[in-house]
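Structure first, then comments.
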Amino acid sequence: MPKKVFVTGIGIISSIGLDQFSVFESIKQMKSGIGKNTLIDSIYKDEIPVAEIKLKNDELAGLALLKKRESVSRTTLLGLIAARQALKDAHLEGNGKQLRTTGIISATSVGGMDKSENFYREFIRDKNKGHLSDVITHDCGESTERIASEIGIDGYASTISTACSSSANSIMMGVRLIRQGIIERAVVGGTDSLTLFTINGFNSLMILDREQCKPFDENRNGLNLGEGAGFLVIESEEIVNRDNKKFYCEVSGFGNACDAYHQTASSPEGNGAYLSMKKAVESANLKTENIDYVNAHGTGTKNNDLSEGKAMERLFGKNIPAFSSTKSFTGHTLAAAGAIEAVLSVIAIQNQCIYPNLNFKTPVKELGFFPVTSLLLNTRVNHIMSNSFGFGGNNSTLIFSKC
Amino acid sequence: MLKAYINGIGIISPQKTFDSVGFPNEIVNFDETLSMKCIEPVYNQFLDPMSSRRMSRIVKMGLCAALRCLQNSGVEMPGAIITGTGFGCIEDTEKFLGSIFTNEEKLLNPTPFIQSTHNTIGAAIALKLKCNNYNSTYVHRSFSFEHALLDAMMLIKDGESNDILIGGLDETTPDYFTIKNRIGCWKSEPVNNLMLKESKTKGTISGEGVAFFLLGNKKNDKTFAVIKSVKTALKPGGEDDILDFISSSGILQNEVDLVLYGINGDVEHDEIYYNLTNGKFKHTPTGYYKHLCGEYDTSASFALWLASVILKEQSVPEIVKLTPFDIEKINNILIFNHLKDNGHSLMLVSKC
């Protein structure tokens, strides 16, 4: 039997709240963070809604308790805020001895692109122009190392970038490293900030909704981009027992599979999704009927929601569990989505609740079922499945279990 | 203990590595250079011209090296595909980013955006093979390849997968080179790559490469070597860390027959290596590799290929030796790479 790994701390920052309490409060009030873009200068500013965090970088730096002030990307700031929260929650803040055996596995897709695109705007006109301080934070590993340095981790540090499944893979990797005994505990998660690059990238693919997204609705029109970060502290059962630590739940299972169908579109029958969900259930030694709630990938695109729906149908048969997409609250936070939704899953287990799927009216014709539309409190939630599916067909699923 | 057998290799580099069986007969000498570029294969051997027309250079190189690796190993369907890259698909990133400003955000072609995501090559390989198995991509500077390797070794140990395809990939573009030059990464004067270690000035020379390995849980007639361990650390504790690493691999320090150092000709950066070659590793034959491939985040993958070939052929090419030595049996090779003021990575590879 593989070693058990528990979640001992969580941290989150998103358009619906700056920490786990304000985030949960927004969900209780059915308040989405999707709205007007006020921070990124784009010709689509008034046209494309986003789920932005309404704080400028220097305000984020204050929240992040940033020690070294020189060039820092927004992605790093968001990640640092969430990582610090998770560490504090797990009573590890400033605990040098324990941090020495702690690894960090982060995830990002944009990295420091929020700054690099400013550099490039000048550079493209004149190769001698552009502030170098804007481009040295470009690579994905930079934000991880910056966060590690700020929180005091100096051993194992890694960054995964598999598009929208990235931070689900980080969490998985953290669990595996702990099970192998390579590290005792890990700070795992991901972070992404809104950028001109991603707004234009998704817009060029024509999958951005000009209204609030409608996951799993027949008339859905695409996704809304969001930004944010989520981090969890995960520790082995041995450590939790030894130190008598409080914990939220267990990361009981996970699965990673590749759709191998197309660079951006999912296979109509949701093959990769089906495989990652099936692997996850099996790895948790569970049966499909044990899953109480699926926090779906549910971006609101025509393609994803149908594929994911079909995959759920294949896996669960007639007994589809309660499911919803919280991207209707947070927007699609790209590489951070897996971790943000993992934190939401942990909160759901702690509060024994199931989240609603906003903006739903009409079930998808080809699917016979539809998501939960109101917050269900006082609901038995023992096992939650969380899906994150990325471009390139990278499909990842996590399972969290109440103990 | 984790371990993995290297049962196939496919590598594209600034040397003639793609079509050679072992160490290339001819060394490519970049006479006066700051940037070493790969010798690209004839893509038509593996890719059909229609579909490869829209692929960027790094995707084509990645696919070819991966397919050559599979061909060499005799494995048709890998149990997992794991890639590591420091900067990912720079060409496509630049293309899309440039188009945003040139076209003022209007009527943008999505293809470079799609291809700019870091896992594009891993996904392209899976797509080509219709491989639904585990797939991941690490993008963490000079640890990127080592993380992919560790992931694979853990999958093998868990019994989760076998015949795992891992790759280290990084490309250079003129803009990437220019930006890094402005940052101060490269030498101020072009050098002959083979004279790199003599150049006691600041900066190094740029390189690139794509190297894929097929890792298995058993030895077979195609096996090059066995990887015994890999480790990365952001702030390593010094030389004792290296000694600890060696002993955790199950061997004694005097059983290390050769150390391959990531010496890159940067006088500030190389100091840590020479402290070892003159100190704790004074009696161990020393080699280096970045004069053959240049400096790039996943150059450890080139070093792993080199170590594999040395172990299989039981011979160290003269061009690899840092200082002259004779060597009879080569059982264990330590690969040590580090970033100035920052992390180091270690790999131990053995004959089997």
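The values are calculated or read from the model by the stated rules, or taken from the named source; none is laboratory data. These numbers were taken from a predicted model, which means no experiment stands behind them. All Cβ positions, glycine included, derive from the backbone under ideal geometry; neighbour counts span all protein chains shown. Please note that ligands, DNA and RNA were not included when accessible areas were found on the heavy atoms of the full protein model with its side chains. Shrake-Rupley method; radii C 1.70, N 1.55, O 1.52, S 1.80 Å.
Summary of values
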| item | result |
| --- | --- |
| Among residues of the range A:60-107, those that are part of a loop (DSSP other than H, G, I, E, B), open to solvent by 10 Å² or more (accessible area, probe 1.4 Å) and over 15 Å from A:ASP154 (Cα atoms), counted | 9 |
| Residues satisfying the stated conditions in the range B:230-260, i.e. closer than 19 Å to B:PRO324 by Cα, part of a strand (DSSP E or B) and in contact with a Leu (Cβ under 6 Å, 6 or more places away or on another chain) | B:VAL259 |
| Subset of the range B:160-187 (residues that are under 23 Å from B:GLU198 (Cα atoms) and touching a Lys or Arg at 6+ places or on another chain (Cβ under 8 Å)) | B:GLY184, B:TRP186, B:LYS187 |
| Unmet criterion (only one of (1) open to solvent by less than 10 Å² (accessible area, probe 1.4 Å); (2) part of a loop (DSSP other than H, G, I, E, B); (3) more than 14 Å from chain B (Cβ to nearest Cβ)) for A:ILE12 | (2) |
| Residue in the range A:259-267 that is closer than 30 Å to A:THR8 by Cα and in contact with a Ser or Thr (Cβ under 7 Å, 6 or more places away or on another chain) present | no |
| Residue among A:LYS67, A:LYS88 that is more than 14 Å from every other protein chain (Cβ to nearest Cβ), in contact with an Asp or Glu (Cβ under 8 Å, 6 or more places away or on another chain) and touching a residue at least 24 places away in the same chain (Cβ under 8 Å) | A:LYS67 |
| Residue list for the range A:44-59, filter: open to solvent by 90 Å² or more (accessible area, probe 1.4 Å) and within 14 Å of chain B (Cβ to nearest Cβ) | A:ASP46 |
| Some residue of the range B:93-114 being buried (at least 21 other Cβ atoms within 10 Å of the Cβ), closer than 30 Å to A:LEU177 by Cβ and either more than 7 Å from chain A (Cβ to nearest Cβ) or modelled with pLDDT of 95 or more (or both) | yes |
| Checklist (1) within 11 Å of A:ILE53 (Cα to Cα); (2) assigned to a helix (DSSP H, G or I) applied to A:THR38, failing item | (2) |
| Residue selected from the range B:137-159 under the condition free of Cβ contacts under 8 Å to residues at least 60 places away in the same chain and surrounded by fewer than 22 Cβ atoms within 10 Å (Cβ to Cβ), by the criterion nearest to the other protein chains (Cβ to nearest Cβ) | B:ASP158 |
| Hits in the range A:136-150 (condition: open to solvent by less than 20 Å² (accessible area, probe 1.4 Å), facing chain B (nearest Cβ under 7 Å) and not acidic (Asp, Glu)) | A:CYS140, A:GLY141, A:THR144, A:ALA148 |
| Residue check for B:ILE179: at the interface with chain A (Cβ under 7 Å from one of its Cβ atoms), open to solvent by 10 Å² or more (accessible area, probe 1.4 Å) and of a type in the set (A, V, I, L, M) | yes |
| Filter result (of a type in the set (D, E, K, R), open to solvent by 10 Å² or more (accessible area, probe 1.4 Å) and touching a Gly at 6+ places or on another chain (Cβ under 8 Å)) within the range B:161-176 | B:ASP163 |
| Residue that is most open to solvent (accessible area, probe 1.4 Å), among those in the range B:116-131 that are of a type in the set (A, V, I, L, M, F, W, C) and either at the interface with chain A (Cβ under 7 Å from one of its Cβ atoms) or within 20 Å of the chain's Cα centre (by Cα) (or both) | B:LEU127 |
| Residue tally, condition buried (at least 22 other Cβ atoms within 10 Å of the Cβ) and within 7 Å of another protein chain (Cβ to nearest Cβ), over the range A:108-135 | 4 |
| Residue list for the range A:154-188, restricted to those being more than 7 Å from every other protein chain (Cβ to nearest Cβ), outside any helix (DSSP H, G or I) and in contact (Cβ under 8 Å) with a residue 24 or more places away in the chain | A:CYS164, A:SER165, A:ILE182, A:ILE183, A:GLU184, A:ARG185, A:ALA186, A:VAL187, A:VAL188 |
| Single residue of A:GLU308, A:GLU218, A:GLU235 found to be open to solvent by 10 Å² or more (accessible area, probe 1.4 Å) and either acidic (Asp, Glu) or free of Cβ contacts under 8 Å to residues at least 40 places away in the same chain (or both) | A:GLU218 |
| Residue match in the range B:52-61 (condition: small (Gly, Ala, Ser) and over 17 Å from the mean Cα position of the chain (by Cα)) | yes |
| Unmet criterion (only one of (1) more than 7 Å from every other protein chain (Cβ to nearest Cβ); (2) crowded, with 23+ Cβ neighbours inside 10 Å; (3) of a type outside the set (S, T, N, Q)) for B:TYR134 | (1) |
| Residue selected from the range B:9-29 under the condition open to solvent by less than 40 Å² (accessible area, probe 1.4 Å) and more than 16 Å from the chain's Cα centre (by Cα), by the criterion nearest to B:LEU304 (Cα to Cα) | B:GLY22 |
| A:THR191 being in a strand (DSSP E or B) and within 8 Å of chain B (Cβ to nearest Cβ) | no |
